[in-house]
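The next block holds one structure in the form of structure tokens; read it before the comments.
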Amino acid sequence: MRRILASLFVPVFACVAFFAQQQDKSKRPSPPGTAEITIAGKKITINYSRPKMKDPKTGAVRKIYGGLVPYGQVWRTGANEATELITEADLTIGGVAVPKGKYTLFTIPDEKGWKLIINKQTGQWGTDYDAKQDLARVDMKTELIEIPVEQFTISLMAKGTNGATLRLDWEKTRAWVDLTAK
């Protein structure tokens, strides 16, 4: 009887340990990140996952844009769960009105310019995209950056008293769009 219990304990314990580790998102190859700013007294938060240029299994440096992230296709803008925008303020992003609330951000990278997709569906895995849920698609500007960025980074940089710049940096590409709070 003890052998049977012992033989059951090890696999059960291993499963519990495995699932506990899966719940600790900081241990993922693409750990979570947060970009946050307060403008016009209102908080704006972006929750996302941060993949790296180096392949987590082999350590080889991957070609990101036009490779791992194809041009001209909807990209989850990070990894794992869909990238989430939470805003306490009504915003204007790239000239488009975005009411306060919770949204998912996707992008369409392209060599000539990017599109930021603000989608009303939330809480989904990053590859679950429904174009019928799009609130808006706005143009993003892009530029090459000299020093490669190893880990995908989203930032919100203050611009004036009521504005910010939403920036996406990875590999040798920076994409950005301005936003203002109403």
Can LYS102 be described as within 30 Å of PRO56 (Cβ to Cβ), in contact with a Ser or Thr (Cβ under 6 Å, 6 or more places away or on another chain) and free of Cβ contacts under 8 Å to residues at least 60 places away in the same chain?
yes
List pairs: first in the range 143-166 and touching a residue at least 40 places away in the same chain (Cβ under 8 Å), second open to solvent by 20 Å² or more (accessible area, probe 1.4 Å) and among the small types (Gly, Ala, Ser), Cβ under 7 Å, 6+ apart or cross-chain?
ASN162/ALA40; ALA164/ALA158
Just to be sure I understand the filter: pairs with C-beta atoms under 7 Å, separated by 6 or more residues or on different chains, first member in the range 170-182 and free of Cβ contacts under 8 Å to residues at least 60 places away in the same chain, second member polar (S, T, N, Q). Which pairs pass?
ARG174/THR142; TRP176/THR165
From TRP125, TRP114, TRP170, which residue is of a type in the set (A, V, I, L, M, F, W, C) and modelled with pLDDT under 95?
TRP125
Filter the range 130-166 down to the residues that are within 16 Å of the chain's Cα centre (by Cα) and open to solvent by less than 60 Å² (accessible area, probe 1.4 Å) and list them by number.
MET140, VAL149, GLN151, PHE152, THR153, ILE154, SER155, LEU156, THR165, LEU166
Where a residue in the range 112-125 is touching a residue at least 60 places away in the same chain (Cβ under 8 Å) and its partner, wherever it lies, is assigned to a loop (DSSP other than H, G, I, E, B), with Cβ under 7 Å and at least six apart:
LEU116/GLY94
So, of the residues in the range 167-182 that are under 22 Å from THR104 (Cβ atoms) and charged (D, E, K, R), which turns out to be most open to solvent (accessible area, probe 1.4 Å)?
LYS182
Would you point out which residue out of LYS52, LYS100 is open to solvent by 60 Å² or more (accessible area, probe 1.4 Å), among the charged types (D, E, K, R) and more than 21 Å from LYS172 (Cβ to Cβ)?
LYS100
Residue among ILE93, ILE117 that is open to solvent by less than 80 Å² (accessible area, probe 1.4 Å) and either within 22 Å of VAL69 (Cα to Cα) or of a type in the set (Asp, Glu) (or both)
ILE117
Return a yes/no flag: does the range 22-40 have any residue that is modelled with pLDDT of 95 or more, open to solvent by 50 Å² or more (accessible area, probe 1.4 Å) and in contact with an Asp or Glu (Cβ under 7 Å, 6 or more places away or on another chain).
no
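The values are calculated or read from the model by the stated rules, or taken from the named source; none is laboratory data. Since this is a predicted model, take the numbers as computed values, not measurements. Cβ: placed from backbone, ideal geometry, glycine included. Neighbour counts: every protein chain shown. Areas reflect the complete protein model, heavy atoms only, side chains present, ligands, DNA and RNA absent. Shrake-Rupley method; radii C 1.70, N 1.55, O 1.52, S 1.80 Å.
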